[in-house]
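*Asks:* Below are the structure tokens for one structure; questions will follow.
The values are calculated or read from the model by the stated rules, or taken from the named source; none is laboratory data. Everything quoted here is computed from the prediction, not taken from an experiment. Cβ coordinates were reconstructed from backbone atoms using ideal geometry, including for glycine residues, and neighbour counts include every protein chain displayed.
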Amino acid sequence: MATWKKNLWVCWFGSFVTATGLSQITPVLPLYIEQLGIHNTAAVEQWSGIAFGITFIASAIFSPIWGRMADQYGRKPMLLRASLGMAIVISLMGLVNHVYQLVGLRLLMGVISGYISSAITLVATQTPREYSGWALGTLSTGMAGGTLLGPLIGGYLTEIMGIRAVFFAIGVLLLFTFVTTLLLVREEFTPIRQTPLSPHEVWNLIPDPKLLIAMFTTTFIIQLALMSIEPIVTVYIKQLTSHTRYIALISGIAFSAPGIASILTSPSLGKLSDRIGPRKIILGALIAAGILFIPQAFVRSPWQLVALRFLLGIATAGLLPAVNSLVNNNVPGTVTGRIFGYNQSAQFLGSFGGAVLGGQMAASFGIDYVFYSTGALLLFNAVWVYTHVRPQVS
């Protein structure tokens, strides 16, 4: 097997485990906080929000820092740092006795994470350019799969092993990721200079700054759009059906539908991106996603919502890989890690902002307006990409 393919599959596994570790706590976090002595419902909700959101904020702040370190010392050391660090921190979460300790470790996890952004950078830089779209699309299925299955794995393991054991199990998997990365990943890396570039120097090396701004904005808006619906899916399904007995099951299916579609279609869209260029994929996907959000406001059945969310997953499956491919094609190798770190920050901020804004907008104006505004935002983003990203860079 070619070295770049071996790197891809090791990074795929590591990204899957990392995404699983980040998302597995979602369904059990309130239950764990109750076990730690917080019994008031409002307080549990408050601490859950803090513990969940603080990881995204810390990751957004530190992703560019780890990206700079990757450019200076290599991407493989960053993969090893993140996998070993997360293995230790997540395992320690199973030992906490107070909610403050849990929040502190969630903060630390956001600080030391960065496996996925380093994996994207390594795969993008070590893969032959003619295969980069397919490789990045395949890598994204690991992230999507981990994010999709993480809550299911966390909930299931909690039932059979207990909440604390879940953290130890994920810690062991991350330790295995560290070992496989150490033994199997091969990186051809020679730092151009030992002195880190300043942000101003980095920006001066970029041939088309408008393109990067458009891509960072696109990444932010994609995550903002996808996460804006997550807090209200269950509430919306309750409005659509009288079969309250199956609300949790139907909500789980609706929640998972885009992720399943993404896993099924990302590699194919990556290959298409290699043939026709990532710009066309981004434009088509943004327009399709923007249109598909709007009819979700008019559905009369939960299964109509599930079908539209599955189609939405197909539309968005190629977006982030195409963004990463376009960025990689237009950034000097000396600053690739830093730029992907910035893009990862935009993704984390979009996830955090979408979860907060979606719930607030639904509470203030109604659920319908979340779909309208999100669809309009994606269509506006498509116009911006069309006007700011030149066709020839594809």
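Condition check ((1) farther than 23 Å from Val202 by Cβ; (2) aliphatic (A, V, I, L, M); (3) touching a Leu at 6+ places or on another chain (Cβ under 8 Å); (4) touching a residue at least 24 places away in the same chain (Cβ under 8 Å)) across all residues:
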{"position": "Asn343", "(1), (2), (3), (4)": "no, no, no, yes"}
{"position": "Gly353", "(1), (2), (3), (4)": "yes, no, yes, yes"}
{"position": "Gln360", "(1), (2), (3), (4)": "yes, no, no, no"}
{"position": "Ala363", "(1), (2), (3), (4)": "yes, yes, no, no"}
{"position": "Val370", "(1), (2), (3), (4)": "yes, yes, no, yes"}
{"position": "Gly375", "(1), (2), (3), (4)": "yes, no, yes, yes"}
{"position": "Leu379", "(1), (2), (3), (4)": "yes, yes, yes, yes"}
{"position": "Arg390", "(1), (2), (3), (4)": "no, no, yes, yes"}
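*Asks:* Could you tell me which of the residues Arg309, Arg338, Arg300 is in the same structural domain as Met215 (by TED's automatic domain parsing) and not in a helix (DSSP H, G or I)? Reasoning before the result, please.
*Replies:* On the way: Arg309 fails: not in a helix (DSSP H, G or I); Arg338 fails: not in a helix (DSSP H, G or I).
Answer to the check: Arg300.
*Asks:* Something else: From the list Leu79, Leu84, exactly one residue is at pLDDT 95 or above and either more than 19 Å from the chain's Cα centre (by Cα) or buried (at least 24 other Cβ atoms within 10 Å of the Cβ) (or both). Which is it? Please lay out each step first, then the result.
*Replies:* On the way: Leu79 fails: at pLDDT 95 or above.
Answer to the selection: Leu84.
*Asks:* When the residues of segment 236-250 are narrowed to those that are at pLDDT 75 or above and in a helix (DSSP H, G or I), which ends up surrounded by the most Cβ atoms within 10 Å (Cβ to Cβ)?
*Replies:* Ile237
*Asks:* Also, quick follow-up: Does Ala307 count as out of contact with any strand residue (DSSP E or B) (no Cβ under 9 Å at 6 or more places or on another chain), within 24 Å of Gly145 (Cα to Cα) and buried (at least 23 other Cβ atoms within 10 Å of the Cβ)?
*Replies:* On the way: out of contact with any strand residue (DSSP E or B) (no Cβ under 9 Å at 6 or more places or on another chain): yes; within 24 Å of Gly145 (Cα to Cα): yes; buried (at least 23 other Cβ atoms within 10 Å of the Cβ): no.
Criteria not met by Ala307.
*Asks:* Tally the residues that are of a type in the set (A, V, I, L, M), at pLDDT 85 or above and part of a loop (DSSP other than H, G, I, E, B), restricting the search to segment 3-37.
*Replies:* Going through segment 3-37 one residue at a time, the tally reaches 1.
*Asks:* Of everything in segment 120-170, what is among the β-branched types (Val, Ile, Thr), touching a residue at least 24 places away in the same chain (Cβ under 8 Å) and in a helix (DSSP H, G or I)? Give them in sequence order.
*Replies:* Listed by number, the residues that qualify are Ile120, Thr121, Val123, Thr125, Thr138, Thr141, Thr147, Ile153, Thr158, Ile163, Val166, Ile170.
*Asks:* Based on what the data block shows, is Ser266 more than 17 Å from Thr218 (Cβ to Cβ), polar (S, T, N, Q) and either outside any helix (DSSP H, G or I) or under 17 Å from the mean Cα position of the chain (by Cα) (or both)?
*Replies:* Numbers: more than 17 Å from Thr218 (Cβ to Cβ): no; polar (S, T, N, Q): yes; either outside any helix (DSSP H, G or I) or under 17 Å from the mean Cα position of the chain (by Cα) (or both): yes.
In short, no.
*Asks:* Follow-up question, since we're still on this one. Would you point out which residue out of Leu292, Leu226 is in a helix (DSSP H, G or I), at pLDDT 90 or above, buried (at least 20 other Cβ atoms within 10 Å of the Cβ) and within 22 Å of the chain's Cα centre (by Cα)?
*Replies:* Working: Leu226 fails: at pLDDT 90 or above.
Sole residue among the options that is in a helix (DSSP H, G or I), at pLDDT 90 or above, buried (at least 20 other Cβ atoms within 10 Å of the Cβ) and within 22 Å of the chain's Cα centre (by Cα): Leu292.
*Asks:* Mind listing whichever residues of segment 60-102 are in a helix (DSSP H, G or I) and under 21 Å from Ile33 (Cβ atoms)? Can you show your working first?
*Replies:* Filtering segment 60-102 for residues in a helix (DSSP H, G or I) gives 60-73, 75-93, 99-102.
Selection gives Met86, Val89, Ile90, Ser91, Leu92, Met93, Val99, Tyr100, Gln101, Leu102.
*Asks:* Which of the residues that make up segment 38-52 are surrounded by 15 or more Cβ atoms within 10 Å (Cβ to Cβ), more than 23 Å from the chain's Cα centre (by Cα) and assigned to a helix (DSSP H, G or I)?
*Replies:* Hit for segment 38-52 is Val44, nothing else.
*Asks:* Would you mind telling me which numbered condition in (1) of a type in the set (Phe, Trp, Tyr); (2) more than 15 Å from Leu105 (Cβ to Cβ); (3) in contact with a helix residue (DSSP H, G or I) (Cβ under 7 Å, 6 or more places away or on another chain) Phe52 fails?
*Replies:* Phe52 satisfies every listed condition except (2).
Yes/no matrix, rows are residues, columns are (1) among the hydrophobic types (A, V, I, L, M, F, W, C); (2) buried (at least 20 other Cβ atoms within 10 Å of the Cβ); (3) touching a Gly at 6+ places or on another chain (Cβ under 9 Å):
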site	(1), (2), (3)
Ser118	no, yes, yes
Thr121	no, yes, yes
Thr127	no, yes, no
Thr138	no, yes, yes
Gly154	no, yes, no
Ala165	yes, no, yes
Ile170	yes, yes, yes
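*Asks:* Further question on the same structure: Give Ser91, Ser118, Ser113 a once-over and let me know the one that is closer than 24 Å to Pro258 by Cβ and outside the structural domain of Val331 (by TED's automatic domain parsing). It would help to see each step written out before you state the result.
*Replies:* Values: Ser91 fails: closer than 24 Å to Pro258 by Cβ; Ser118 fails: closer than 24 Å to Pro258 by Cβ.
After applying the criteria, what remains is Ser113.
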